[in-house]
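I have placed the structure first, in the form of structure tokens, so that the comments after it can refer back to it.
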Amino acid sequence: MARTIKEEPNTNFRAFFRLLIQANPPKLVLSIAFGLSIISTLVGLVIPLFTKNVVDSFSVSSLSWAQISGMALAFVAQAIAAGISVYLLNYAGQRVVAGIRDRLWKKLLVLPIGYYDNNQTGDTISRMTNDTSVIKGLIAEHMSGFVTGIIAIIGSITVLLYMDWKMTLIMFSVFPIAFLILFPLGRQMYKVSKGLQAETASFTSVLNRVLSEMRLVKAANAEQSEYKEGSSGIQKLFQFGLKEGRIQALMAPLISFVMLMLLVVLFGYGGMRVSSGAITAGQLVAFMLYLFQIVMPITQITQFFNQMQKTMGATDTILKVLDHEEEIPDVGAVVTDASQSIHFDRVSFSYKEGEPVLKNVSFTMEAGKVTAIVGPSGSGKTTMFSLLERFYKQTKGSITLGKEPIADYSLVSWRSQIGYVSQESPLISGTIRDNICYGMSREVPLEELKRASQMAYADDFIEKLPEKYETEVGERGIKLSGGQRQRIAIARALLRDPKILMLDEATSSLDSKSEVVVQQALQNLMQGRTTLVIAHRLSTVVDADQIVFLDRGVVTGSGTHQQLLDSHEMYREFATQQLQLQAEDRAAVQLIPSETAVLAKAVSLKNVHS
């Protein structure tokens, strides 16, 4: 255990410098900034010598314009060099943070879906914002102080040893004491900083979840419960802040106390040396000025190490994201013919080891035809979609397009062949045009946009809007109805002209009137495409070319609607329940003849088997 604790900082330092180098910092700017800081520090080392000469030979007649001008020039040069250095370091810090954020953003876009299943959105946002800001603070605000502080200390000690080595050795006694104070407090600061960053990320997750679903919060009268959870996060942050404050409250006064005691001892001993003639009054003044040039950098170095501990924690969390296994979108073959049958051959999959979701699933999606997946909730239907989109990789078996495994194709090429319409089709904050054209790499002409909208039966409501295709839809499309959002999603899919279509209960959340319109739009979308449909409503699959019944991850039957109605008891019960529910929903509307006949036959067959 002791060995692990000892080696951890070294590992973190290496990780930090690796992250820094990978961010491609502006080396020339940093070199100029540090050069100016060093010049400013060296000028500061010369000033006490000027002061010594002035004190030792002080008289009005001894003052010359050359001395006054030299002092003034030194002060001005130091101020200008320090100012430019601060700006350049801030610029370098911002560039480094921008580089890290760019890498993070690029990485987040290619991380697999499994990463987002296991990590809260707020935590990920915190990596991008809070943790990178901690690194910027170290570079822009503390790095220069650390480097120049080391130079100032070394330079001052060198001059002091030359001036009076006995007083300098007395001063050295403070360093072991300061180290004994700083080291354990620094270790505590590191632990507190990691805990603070983790709690900040957790609190950000709560904010993100609650603020993005405020309508649900208010509709469910959940304000008080959410307040309690948020308040708990605030109190935890408060407690971490207090711990950090306690460490700083110990650190600063202890160092100040040691330094004041040192000043008292040095003034007393220095006064004795002056009275005995061993040193001059000017040497004592210069000695004290050099002492301040040591004390001030020690404070800066202390702040640097505090910030470094925070930065180590931030580096750990950022590198966990950057080192995570990612998707490689553009590696693999290009799909040249997607109009082929898709085969699931003994496919198994589990999210957790020992908990299979799909077990030896085998069936074929015939090219250009409709395959429907039905079954109770939790049977693995949506997981099958995820495997087809290659969000996950099956643990056993194969999925092939024709004879070629779909894993052999590049993700970009494969997913460009797929159109997807889900229960709650996601929309981005922006205009209707932005949403229909989302993901398109080319400029879409208005005529093409309107044609896709017409086929999706979306043009009717779009043209009635004041700004038509430039109408803002609001966050997640909140300004549109469910049916309107679905039709925009269908128009988006039509614009992509996919060869493979996946419909995930695309009408399950719609009212009867919207369902009719969306079903008409879906018929246009499905025309001539290899289609896989998940549906709870029988009316959406009754005309499918093939229906696969999935129960607890196992295919228990497949065939046409009529074949399953005759031979599959669970499907027959499913059909009976669904059609009865639809009859109740449409009590005031006459059922279409085909559904009436199906219901009658399903009920009669059930009675016979009973």
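The values are calculated or read from the model by the stated rules, or taken from the named source; none is laboratory data. Small disclaimer: the values here were computed from a predicted structure and weren't measured. All accessible areas refer to the heavy atoms of the entire protein, side chains included, with ligands and DNA or RNA removed. Shrake-Rupley method; radii C 1.70, N 1.55, O 1.52, S 1.80 Å.
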Taking a straight Cα-to-Cα line shorter than 25 Å from Lys52, and setting aside same-chain lysines fewer than 8 residues away, one finds Lys166
Counting only residues 5 or more apart in sequence or on a different chain, those whose built amide H sits under 5 Å from that of Asp545 are Val370
Whole-Hz Karplus couplings 3J(HN,Hα) for segment 341-357, θ = phi - 60° and coefficients 6.51, -1.76, 1.60, Gly and Pro as x, run 5, 10, 10, 9, 10, 6, 7, 10, 7, 9, 6, 10, 4, x, 10, x, 9
By accessible area (1.4 Å), largest first, Met143, Met272 order as Met272, Met143
The lysines whose Cα lies under 17 Å from the Cα of Lys369, excluding any fewer than 8 residues away in the same chain, are Lys499
Residue by residue through segment 549-560, the couplings from Karplus 6.51 cos²θ - 1.76 cosθ + 1.60 with θ = phi - 60°, in Hz, x for Gly and Pro, are 9, 10, 9, 6, x, 10, 6, 9, x, 8, x, 7
With x for Gly and Pro, the residue-by-residue ³J(HN,Hα) of segment 418-423, computed from phi through the Karplus equation 6.51 cos²θ - 1.76 cosθ + 1.60 at θ = phi - 60° and given in whole Hz, is 10, x, 10, 10, 9, 4
Subtracting the Cα-Cα distance of Thr121 and Gln454 from 0.36 nm times their residue separation yields 116.2 nm
Honestly segment 341-409 on the Cα gyration tensor test (a ≥ b ≥ c root eigenvalues; a/c under 1.5 rounded, otherwise a/b vs b/c for prolate or oblate) is just oblate
By the Cα gyration tensor axes a ≥ b ≥ c (a/c under 1.5 gives rounded; else a/b larger than b/c gives prolate, otherwise oblate), the shape of segment 280-413 is prolate
Semi-axes (Å, rounded, descending) of the ellipsoid equivalent to segment 368-440 per its C-alpha gyration tensor are 25, 18, 12
For Leu501, other-chain or 5+-apart residues with amide H closer than 5 Å (H placed, Pro excluded) are Gly419, Thr530, Thr531, Leu532
By accessible area (1.4 Å), largest first, Ser348, Ser441, Ser429 order as Ser441, Ser429, Ser348
